[in-house]
Amino acid sequence: MTTEPAVRDVLTQTDAEARAAAISNVSYDLALDLTKGAPRYRGDATIRFDHTGDGPTFLDHTGADIVTLEVNGTPVASPDWNGHRLTLAADLLAAQNTVHIVYENEYDHTGDGFHQFVDPEDGEEYLYSNFEPYSSHKLFPGFDQPDIKATYAVSVTAPADWEVIANYPEASRETLDDGRIRHDFERTASFSTYLFALVCGPYHAFRDQHGDVALGFFARKSLVPHVDEEELFEITKQGLDFYAEFFNYPYPFGKYDQIFVPEFNAGAMENVGAVTFAEVFVFRDPPTDNQRLNRGEVILHEMAHMWFGDLVTMRWWNDLWLNESFATYMSYLALVSATRFDSAWQTFNAGMKNWAYRQDQLITTHPIAGEVADTDQTFLNFDGITYGKGAAVIKQLVATIGLDGFRNGMRTYFERHAFGNTTLAQFLDALEAGARSVGDERDLHAWAELWLETASLNTLAATWEADGERISALSLAQTAPEDYPTLRPHTVEVALARDEDGTVAIEAIPAVIEEATAAVDEAIGKATPEFVFPNYNDHGFAKIALDEASLDFVRARLEDIDDPLLRQLIWQSLWNMVRDQQLRSTDYLTLAGAKIVTETDQELVDSTIATMSASIGRYVPEDQKAAAAHAAFELAWQALNNVSDPDLQIIWARALFGLALSEADIEHCGQLADGTLSVPGLTVDQDMRWSVAERYVAYGLPGAQARIEDERERDPSDRGQRQVLLAEVAVPDAAVKEEAWNKFLGDGYGSLHLTGAAMGGFHWWVQQDLLAPYTERFFEVITDVFERFENEPASQFFGRLFPTRVDQSVLDRSQSLLATLEGDRLPLLQRKLRETNDDLERALKCRAFAASGAA
């Protein structure tokens, strides 16, 4: 029995709520039969559940063939199956039910479902699952929604040389007559289907033990030399100890495995007891300490989910933010509290909060907690508001009720709701109990209405008056955008800075503003400041407006401020001024260039280079772009030759290669890669080598193809495979572009990641004339792409192939397409068009502002 998918694979909240009301007490017995090198696998699923009501119900199931189907012992010869939804007729159902399905399915190659990958270095095959929010039914039929939790007994027959990793420990194994091994796993505790995991293949295992928790890290054989297991296990153990104490609840799922998997779409996924990570966290080239910090954050983020998300799970995807915001906040708290990475809040500001500030100022801004009508809309909310703003608001909440109150609230939450599903209201009830435990009686539901259920952000500013050398009055003011006029309560610290014998002295004053203005009486009598910053230590989520005196001080003395987090916050404010057309992009580059070469903080250097690069790419007028890029390239070359810190050398070298937009600068980098030009202590890593080789191709420089061949021989890995594809598409030839374009619209290059790599070679600034026809061609096909492709491939097509020219004609064409998409037609495409148009309009305004010469 075979059927072709005929409808879009989506689950609505309405259908999910109705099904959850009728279904309970679910268990799965799954047997999977895997053969090396096969395009398909076979599954045998027995699903037991209780059912109430008189109507039918349905299982989610996307597959190739249903071989047999029995419901309560009755064979069903012609299943009511549309390729995604398997309806169970009412007359087949009872109060207690057993459904038995034998099925076959093809492996997935998009990073979701049950993904198959073949290592180009050694030909080995690797499989892994990835299901959030709605893909477990691509591996096995079931009730694929977060509030129908179940237990799972899993049996997997696989080649003898494969590791087989599931959510719970292996109970037994048996070698079969054909040499394969059947692995039987312990029945699990109850958890949601999207957290189910199965990872198979000849992975190399690194094992350790922490108390009664068995630990494992797994990586492909070809990556084993790059796995730094000592640090990975150290952070894992530190995190397990920190969370168990903070939540007063031990790790709840027995063993804890972490697997680096190929062609992974996200950074990581919090599967119960079997967390999957993108292989970018296996450092093939020497990493900076900041890269190690960021990897540590991801490890601790996924670990936090074992409690918040896995042990206690949101009822529906409208509370996705509860999962992600909480895990993000807790991961940074764990970093500064339990690991050597005590500067992590600065990284949080540079990464997560900057992401959140940008997202919250787009036309598509939305409340942290909002409505999600179906699983496709869930896909829209994996964004900077869900992760970054939500975490920043939790940080603001902790500043408001105190860390002890927050900790006590979380302990109450897990005590009340372990292995269950919750809503925002239940989360807030637990936090209120925690706040009351430390004497805070505030209504957190009212607080949450302002912070979690309204969109956009406020701007905070400080004004003060002085009587001689002392402050006579200081006040805070907050404003809101006209379209989102909400004023919110902000608990902050105000930094008062002044010169004392050549050093910058800072005094912090606590303050609360709930209305449009608030007096800060504690500042009265303090020494008159030269600089005031009303978000010291970064407790607040708000843009900060610098007054003229403070701005003058920053221009003159920013590098003299000892506190790197405060310097980071100031740079963030300056960057927001560029984006808001209050500071010209060209002036920002001049200011940043003068100060960044003397900066020694890795995070600040890294993040400031990123904003300088973004300015050059989008906000500098087109006729000044080449000169600005070369000036920044020269700055990077100067800094690279002057720094002695190895990590700063790596950061500046990466910047140098990234800023090479002219033939001369590319050839300069080529000389570095060839060794005819050198910097003491610097090793040009493989990523840098690929970068310059690809630029040689895109610019049509002599020796380009020879460089690609040399790098292919040097790097025969899957990374090298992807880079070769990128280089093939980068060739400045109309026929090459045409062939690639047709492949993008057809079957691609074998997998989503290989196709994405090829797409990465399509657009080049130097090829704008060659690529001009593809502006209209993009808009002609993009609607069809979103109608035909799944969410991830469609999003990749849009993100990599949207026209890169900052031009009014591109904006006009994009807006005209958006106008044709009425109602709820293709909501993901509508959102991407709105956000891209918003970014493009901002870029055009920033360029015009810079070109105007306005002060």
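According to a simple spin-label model (label point 7 Å from Cα along Cα-to-Cβ), what is the distance in nm between D623 and T517?
With each label placed 7 Å out from Cα toward Cβ, I get 4.6 nm.
Once fully extended, how much extra length lies between R173 and A735, figured as 0.36 nm per residue of separation less the alpha-carbon to alpha-carbon distance? Write down the numbers at each step before the final one.
Details: separation 562, 0.36 × 562 = 202.32 nm, distance 5.48 nm.
Gain in length upon complete extension: 196.8 nm.
Report the residues of region 479-506 in range of a label on A446: point 7 Å along Cα→C-beta, backbone N strictly under 13 Å from it.
Backbone N within reach: 489.
Ranked from the most accessible area to the least, with a 1.4 Å probe and all protein chains present, what is the order of H84, H109?
From most exposed to least exposed: H109, H84.
Once you charge only the Cβ atoms, +1 for Lys and Arg and -1 for Asp and Glu, what is the size of the charge dipole of the chain about its Cα centre, to the nearest 20 debye?
It works out to roughly 520 debye.
For V520, which sequence-distant residues (separation of 5 or more, or a different chain) have an amide H within less than 5 Å of its own amide H, given hydrogens modelled in the peptide plane?
L474, S475, L476
Show me the trypsin sites (Lys or Arg not before Pro) within region 756-855 that DSSP assigns to loop and that have at most 12 other Cβ atoms within 10 Å of their Cβ.
Values: sites: R777, R788, R800, R805, R813, R825, R831, K832, R834, R842, K845, R847; in loops: R805, R825.
Those that pass, being in a loop and sparsely packed, are R825.
Enter the accessible area per residue of region 351-464 (Å², integer; probe 1.4 Å; all protein chains in place). Walk me through the numbers before you get to the answer.
Working: 3790 Å² over 114 residues.
Using a 1.4 Å probe on heavy atoms only, each residue of region 351-464 averages 33 Å².
Under 5 Å between amide H atoms, partner at least 5 residues away or on a different chain: which partners does G420 have, H built in plane at 1.01 Å?
Distant-sequence amide H within range of G420: T313.
Sequence gap at least 6, Cα distance under 8 Å: using those rules, report the relative contact order of the chain to the nearest whole percent.
Details: 1557 pairs, mean separation 67.5, N = 855.
Over the chain, the number comes to 8 percent.
HN-Hα J couplings of region 841-852 from phi, Karplus 6.51/-1.76/1.60, θ = phi - 60°, integer Hz, Gly and Pro as x?
With the stated coefficients, region 841-852 comes to 5, 4, 4, 4, 5, 5, 5, 5, 5, 5, 6, 6 Hz.
Starting from the Cα of W765, step 7 Å along the direction of its Cβ; do the same at T783; then give the gap between the two resulting points in nm.
Spacing of the two 7 Å Cα→Cβ label points: 3.4 nm.
Using the Karplus equation 6.51 cos²θ - 1.76 cosθ + 1.60 (θ = phi - 60°), what ³J(HN,Hα) coupling, rounded to whole Hz, does each residue of region 217-223 give in order, writing x for Gly and Pro?
10, 9, 8, 4, 3, 6, 9
What is the local net charge at H668, summed over the other residues whose Cβ is closer than 13 Å to its Cβ (Lys, Arg +1; Asp, Glu -1)? List each step's numbers first, then the result.
Values: positive: R695; negative: E634, E663, D665, E667, D674.
Charge balance near H668 sits at -4.
Provide the per-residue ³J(HN,Hα) series for region 193-199, in order, calculated from phi with Karplus coefficients 6.51, -1.76, 1.60 and θ = phi - 60°, each as a whole number of Hz, with x at glycine and proline positions.
Rounded to whole hertz, the list is 4, 5, 9, 5, 9, 8, 10.
Could you please state how large a percent of the accessible area of region 265-395 is carbon and sulfur, counting protein chains only and using a 1.4 Å probe?
Of all accessible area on region 265-395, carbon and sulfur atoms account for 51 percent.
Summarise the accessible area of region 685-805 (1.4 Å probe, protein heavy atoms) by the percent that is carbon and sulfur. Provide the component values of the computation, followed by the final result.
Numbers: 2350 of 4870 Å².
In region 685-805, the share of accessible area belonging to carbon and sulfur is 48 percent.
Among DSSP beta bridges whose residues both lie in region 198-276, state the antiparallel percentage, nearest 5.
On the way: 8 of 15 bridges.
Antiparallel bridges make up about 55 percent of those DSSP assigns within region 198-276.
Which angle between 0 and 90 degrees, to the nearest 10, do you get for helix 773-788 versus the longest principal axis of the chain when only C-alpha atoms count?
Here the helix axis deviates by roughly 40 degrees.
Excluding residues fewer than 8 places away in the same chain, name every one of the lysines whose C-alpha is closer than 17 Å to that of K395.
K395 reaches K353, K543.
Could you point to the label whose value was computed as Rg and Dmax of the Cα atoms in Å for the structure here, given [x] 32.8, 107; [y] 27.9, 93; [z] 32.1, 122?
Only one listed value fits the structure, namely [y].
Give me the accessible area per residue for region 119-242, probe 1.4 Å, as a whole number in Å². Present the calculation step by step, with values, prior to reporting the outcome.
On the way: 4030 Å² over 124 residues.
Ligands and nucleic acids excluded, the figure is 32 Å² per residue.
Measure off, as a whole percent, the carbon and sulfur share of the 1.4 Å-probe accessible area of region 451-498, all protein chains present.
Values: 950 of 2080 Å².
Roughly 46 percent of what the probe reaches on region 451-498 is carbon or sulfur.
Counting only heavy atoms of protein chains, what accessible area per residue, in Å², does region 798-840 have with a probe of 1.4 Å?
Value for region 798-840: 45 Å² per residue.
If you filter region 413-494 for GluC sites (Glu not before Pro), then keep DSSP loop positions with at most 11 other Cβ within 10 Å, what is left?
For GluC sites (Glu not before Pro) across region 413-494 that sit outside H, G, I, E and B with at most 11 neighbouring Cβ atoms in 10 Å, the list reads E441, E469, E482.
Could you tell me the largest-minus-smallest coordinate of the C-alpha atoms of region 1-73 on each of the three principal axes, in descending order and whole angstroms?
Principal axes ranked by extent give 44, 28, 19 Å for the Cα atoms.
Please give the length that would be gained between E229 and T463 if that part of the chain were fully extended, namely 0.36 nm times their separation in residues minus their C-alpha to C-alpha distance (nm, one decimal). Can you show the working numbers first?
Numbers: separation 234, 0.36 × 234 = 84.24 nm, distance 5.19 nm.
79.0 nm is the gain from fully extending E229 to T463.
Order of 749-760, 470-481 by packing, highest average Cβ count within 10 Å first? Walk me through the intermediate numbers first.
Values: 749-760: 21.3, 470-481: 17.5.
By packing density, highest mean first, the sequence is 749-760, 470-481.
I181: net charge of surrounding residues, Cβ under 13 Å, Lys/Arg +1, Asp/Glu -1, itself excluded?
Working: positive: K36, R173, R180, R182; negative: D33, D161, E163, E170, E174, D177, D178, D184.
Here the charged neighbours net out to -4.
Per DSSP H run of n ≥ 4, the term is -39500 (n - 2.57); total these for the chain, divide by its residue number, and report the mean residue ellipticity at 222 nm rounded to 500 deg cm²/dmol.
Numbers: 28 runs with 358 residues, N = 855.
My calculation for the chain gives -13000 deg cm²/dmol from helical runs alone.
Solvent-accessible area of W355, probe 1.4 Å, all protein chains present, reported in Å² to the nearest ten, please.
We get 90 Å² for W355.
If the chain between E709 and D580 were fully stretched, how many nm would it gain, using 0.36 nm times the residue separation less the Cα-Cα distance? Write down the numbers at each step before the final one.
Values: separation 129, 0.36 × 129 = 46.44 nm, distance 4.53 nm.
Computed gain between E709 and D580 is 41.9 nm.
The values are calculated or read from the model by the stated rules, or taken from the named source; none is laboratory data. Here the structure is a predicted model, which is why all the values come from computation and not from measurement. With ideal geometry, Cβ positions are generated from the backbone for all residues, glycine too; neighbour counts draw on all protein chains shown. When the accessible area is computed, the model is the full protein with side chains, heavy atoms only, and any ligands, DNA or RNA have been set aside. Shrake-Rupley method; radii C 1.70, N 1.55, O 1.52, S 1.80 Å.
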